[in-house]
Amino acid sequence: MYYAHFGLKQPPFKITPNTEFFFSGGNRGAVLDALIYAITTGEGIVKVVGEVGSGKTMLCRMLQTLLPEKVESIYLANPSMAPEDVLHAIAFELQLKLPKSADRLQVMQALQTYLLDRHVNGKQVVIFVEEAQGMPLATLEEIRLLSNLETKHDKLLQIVLFGQPELDVNLNQTQIRQLRERITHSFNLGPLQEKEIAEYLIFRLRAAGYFGPHLFSKQAIRKLSKAAQGLVRRVNILADKSLLSAFADNVYLVTPKHVHAAIKDSEFGAEQTRHQGRMRIYYAAAATILLGLSTAYLIQSWPTASGKKSLPTAEAKPAPAPAMQAAPAVAAQPEPAITQPSPPIAVPATNVIQKAEAVTVPTSAVAVSTPQAVAPIVNAVPKSAPVVAASSQPSVNNSSINASTPTPISSPAVAESKIEVKPESKELLEQYLSAGKTWLTQNPPSTVTVQLMGGGDEDQMRSQLASLTKQLDPDKIYLFRTREKGRPFIMVTYGGYQNWNQATQAMQKLPKMIRANRPKLRTVGGIMEETKQFQ
């Protein structure tokens, strides 16, 4: 529903484990590498423990994808099976031909023969057991017996157990200690921290085709992180509903308000709200009890003249001081007349335009001074449109690239065509597109520029363009109409450079927030080829 609104090509926060969306942060990438090493070396049993929704299934899917071709994997998704069914389930997954009436011994012999044949051909077989905490202890013991299948030098079968923290509780029982002793590698998937959740959100958005600044504000990420408690599945659920709430408000930034709506609409969010309500009641009751005890203690410990402790009486109070003589009445004074505020100091229009960013109109000044005097100054300073200097003054450069940045190739036509449109005007986008078209015709095809972002939603592009003009030199921003997978697309680039080295150096000096969007280099010739149909 909201995909086109945010420029997405597919759902970014589905809870189905899609390996294209695997996030290597939060120690997940390191655990994946360690698991691949443990499996390929073929020693003992491997255990992976994590809370519900921490990403165990995604890790298992990634293992199946990244393991070498010589490793054949079996996936057991049903943990609640009887011990006598485990061997049959493994034989079925390996497609072993067995008679229907085959007993446990026959299945074991067939399995051992198959594993020996795989070993002779340089192959390995690994079993992934999901939800191992739900397996009966007898079934776990049956799996442990499978680890006894080995040659003189190598194990014939590798076993990886994925489970929730209850798996550790089961393995600590005495009757299962033999399995516990066979575990050579143990990994724990901890919750994601707030910083890692911020990286996770933008990673998933990028993987879904989004190309722009972060859609979640810092306050929204903080609120979402606290509610999700670092669990990946909860993050996905809340992020999806937060984007839907922002779409309903027709905005392009997720705020705490949208996250709050997502939390209220989630099962675990409702439970947290009820828990917080109960805790508030408990705290209020405890405070009331403490207040009552404190009051009783003070009453009992109040000193009296006889040395006994009792409630203070009126006789124990000191005599009141004699009443002071009333002061003579003062005649009411008339209120001072309100003087007319002095007229505001006139500001030359050229000064205001050249130093638009330095002019700040205090709110108090607008409230006290005459509004008609302040309005021309406010209206003369566009919030995000390119600043235009008088012909006798140099133009203001808002670029965050310092003086050491290589000099871009300038186009006289573009340098003269300043854009004087307010940010809220719909003509802003068209004027930048027109300036970009002129810039293309004035530069050789080998000219290199930096592509900052792009998108298909014009309202969103206007908002992002207003933000860019505050961080970069507006006169070096160029927009071009093209197509992305058959759909209208607006490309945003910055600067023009003689070669790739100069453009790379300039790209490295862009503001950190813009570099986080992964800008890339483009040539004028390549852009002209893409935009031929719009020329």
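The values are calculated or read from the model by the stated rules, or taken from the named source; none is laboratory data. Bear in mind that the values here come from a model prediction, so they are computed numbers and not experimental data. Neighbour counts are summed over all protein chains in view; Cβ atoms, including those assigned to glycine, are modelled from backbone coordinates with ideal geometry. The protein model used for the area step is the full one, side chains on, heavy atoms only, and it has no ligands, DNA or RNA in it. Shrake-Rupley method; radii C 1.70, N 1.55, O 1.52, S 1.80 Å.
What net charge is computed for the residues neighbouring Gln219, neighbours being all others with C-beta under 14 Å from the C-beta of Gln219, Lys and Arg scored +1, Asp and Glu -1? If you can, show how the numbers build up before the last one.
Details: positive: Lys218, Arg222, Lys223, Lys226, Lys257; negative: Glu194.
Counting the neighbours of Gln219, the net charge comes to +4.
Which pairs in the list Lys70/Lys100; Lys195/Lys226; Lys218/Lys512; Lys9/Lys226; Lys476/Lys532; Lys9/Lys512 are over 20 Å apart, alpha-carbon to alpha-carbon?
Lys70/Lys100; Lys9/Lys226; Lys476/Lys532; Lys9/Lys512
Keeping every protein chain present and rolling a 1.4 Å probe, give me the accessible area per residue for the range 134-246 in Å².
Accessible surface, normalised per residue, equals 44 Å².
What's the center-to-center distance, using Cα atoms, between the range 463-535 and the range 90-156 in Å?
If we compute the Cα centre of each part, the gap is 57 Å.
Accessible area per residue of the range 1-126 at 1.4 Å probe, in Å²?
Heavy-atom accessible area per residue stands at 51 Å².
Assuming R0 = 41 Å, what is the FRET efficiency of Ser446 and Ile15, from their Cβ-Cβ distance, to the nearest 0.05?
Calculated transfer efficiency: 0.30.
Once you list every other residue whose beta carbon is under 11 Å from the beta carbon of Ala198, what net charge do they have if Lys and Arg are +1 and Asp and Glu are -1?
It works out to a net charge of 0.
Provide Ser266, Ser24 ordered by accessible surface of protein heavy atoms (probe 1.4 Å), highest first.
Order by accessible area, largest first: Ser24, Ser266.
In terms of solvent-accessible area of protein heavy atoms at a 1.4 angstrom probe, what is the ranking of Ile477, Ile299, Ile15, highest value first?
Largest accessible area first, the list is Ile15, Ile299, Ile477.
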